[in-house]
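We did not get these values from a lab; they are worked out from the coordinates using the rules stated. Everything numeric in this text was worked out from a predicted model, so none of it was measured. Because the Cβ atoms are built from the backbone with ideal geometry, glycine has one as well, and the counts that use them run over all protein chains shown.
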Amino acid sequence: MSTLSSDGGRRRPTDQGDVRRHNAALVLATVVSDGPISRARMAAATGLTRATVGSIVDELLDAGLLREHGTSSATGLGRPGTDLALAPDGAAGVGVEVNVDGLTAVVVDLEGTVRHRAARPGDQRDRGAAAVLRSAARLVDAALEAAADLDLPVEGVGVAVPGLVDLGEQVLRRAPNLGWTDVPVLERLAAYAETPWPAAALDNEANLAALGELWAGGHDPAGSFVLVNGDVGVGAGVVLDGRLHRGTRGFGGELGHLTVAPDGPPCRCGARGCLEQVAGLDWILAEAGLPPASGSTDDALAPLLAAVRADERRAVAAVAGAARSLGVGVAALVNLFDVDTVVLGGVFADLFPWLDEPLREVVSTRVLSAPWAPVSVQPAALGRDAAAIGAALSPLRALTSDPLAPEVAVG
Ligand SMILES: [Zn+2]
């Protein structure tokens, strides 16, 4: 079983085989960033010889990862040829998000396009891990079938969960909002799967949402931002210089359990006054005088969105209140890490027009450097599916960062 995250550094080549794999990764990365591109321009961009580029390109064409694209606009040097582009159907990833308010599975192709999406909305809190994971396994089975129908070879399955993930053991240690402790999610999913899956890996949903934003959200690949994912719970993924910052044990980013009111309401984690208790969806709905989320997020969000759009005072004040608490948490992150961009995901993306101003106000007064280094606050480009898309992109990212890696038997 492989681990998903490929945000680590690239291996240093040590022998001829490694050099070739390294060069293949370089060629593919250049197509991703600059493509469609001719072989000649590829050689100039990578510093590799035309011969090396030619033979690596042949291998990548054979592997189905590249395709020939039109006629290159060569500028006189060498014979005219065809440009090289990524082959969207060359590989796909399956991502599934298990969350408090429902389950979502997607199939994403090599170009990052969502080719299949299926959801099972509804509150998962009282169903128990076995029932929830059985449903998740069904969604992944169906996604794998959809990929097969589309003739997309699936590289791997990514699983996003709302809690602390032990990446080494691939166990969900704790998900306070689901009430789960020490659940071997992948083992259970494998047992419930109808057919064997390709390599699967587990990660925290806010981490995967941040990686999804980084890879497919149009951000500077070497940039820094914090993605704050809002739902019943609140999580964050911290991206520093183009890499996800997980912390020493991989448990970082638990912004939702940052204390913003030491004597505030009790949290499901056992502490008091955690950010998600005063900025999460349940709090916003209660403050707005609306029924708590018991079905899908869409069902819970619809009356809230209708109320803020109608400028109903209580709803607008509830969202502004959440924004101010969120601002306290976000300001702490900006003071610590000096990120210049805060991306709001989950329901915070839907509520962005009403969160934006009060959040910005708190951030500008609480961030020491704000007068000289303004912080940009923006909604997530991938919307509410960011975690599922990030989960699907993870195995693809691992593939493109080492496209000629020898196949490792899984099982
Ligand atoms: Zn808490």
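Ordering 214, 301, 104 by the projection of their Cα atoms onto the charge dipole of the chain, which places +1 on the Cβ of Lys and Arg and -1 on the Cβ of Asp and Glu, puts 214 at the extreme positive end.
For the stretch 220-380, the share of alpha carbon pairs falling in successive 10 Å distance bins from zero is 11, 41, 35, 12, 1 percent.
The ranking of 365, 248, 297, 52 by Cβ neighbour count inside 10 Å, starting from the fewest, reads 248, 365, 52, 297. Fully extending the segment from residue 222 to residue 145, taken as 0.36 nm per residue of separation minus the present Cα-Cα distance, adds 24.2 nm. Taking amide hydrogens as placed 1.01 Å from N in the peptide plane, the amide H of residue 91 sits under 5 Å from those of 110, each at least 5 positions away in sequence or on another chain.
Using Cβ point charges alone (K and R +1, D and E -1), the dipole size of the stretch 16-86 about the Cα centre works out to roughly 180 debye. Net charge in the neighbourhood of residue 52 (other residues with Cβ under 14 Å of its Cβ; Lys, Arg +1, Asp, Glu -1) is +2.
Taking amide H positions as modeled 1.01 Å from N, with prolines and chain starts lacking one, the residues under 5 Å from residue 341 and 5 or more places away or on another chain are 226, 376. Sum up the charges of everything whose Cβ sits under 12 Å from the Cβ of residue 307, counting Lys and Arg as +1 and Asp and Glu as -1, but leave residue 307 out. The answer is 0. When the Gaussian network model of the chain links Cα atoms closer than 10 Å, the mean-square fluctuations of 159, 96, 114 top out at 114.
The shape of the chain comes out prolate: with a ≥ b ≥ c from the C-alpha gyration tensor, a/c is at least 1.5 and a/b beats b/c. Summing charges over neighbours of residue 340, with a neighbour being any other residue whose Cβ is under 13 Å away from its Cβ, gives -3 when K and R count +1 and D and E count -1. Kindly state, to the nearest 0.05, the FRET efficiency for residue 59 paired with residue 336, given R0 = 60 Å and r defined as their beta-carbon distance. Computed FRET efficiency for residue 59 and residue 336 comes out at 0.85. Here is the list for the stretch 237-313: trypsin sites (Lys or Arg not before Pro) lying in DSSP coil, each with at most 15 other C-beta atoms within 10 angstrom of its C-beta, are 249. Summary: within the chain, the longest segment free of GluC sites (Glu not before Pro) located in DSSP loops with at most 13 other C-beta atoms within 10 Å is 195-406.
Each residue of the stretch 245-250 was assigned a 3J(HN,Hα) from its phi angle through the Karplus curve 6.51 cos²θ - 1.76 cosθ + 1.60 (θ = phi - 60°); the sequence is 8, 9, x, 4, 9, x Hz, with glycine and proline shown as x. Can you figure out the FRET efficiency of residue 312 with residue 111, using R₀ = 35 Å and their beta-carbon distance, to the nearest 0.05? With R0 = 35 Å, the Cβ-Cβ based efficiency is 0.25. Evaluated with a Cβ-only charge set (Lys, Arg +1; Asp, Glu -1), the stretch 220-380 carries a dipole of roughly 360 debye about its Cα centre, given to the nearest 20. Taking 193, 137, 45 as the candidate residues, the one with maximal mean-square fluctuation in a Gaussian network model of the chain, Cα springs under 10 Å, is 45.
Charging the Cβ of each Asp and Glu at -1 and of each Lys and Arg at +1, and nothing else, the dipole of the chain about its Cα centre rounds to 600 debye. Shape of the stretch 305-411 from its Cα gyration tensor (a ≥ b ≥ c, root eigenvalues): rounded if a/c is under 1.5, otherwise prolate when a/b > b/c, or oblate? Cα axes put the stretch 305-411 in the oblate bin.
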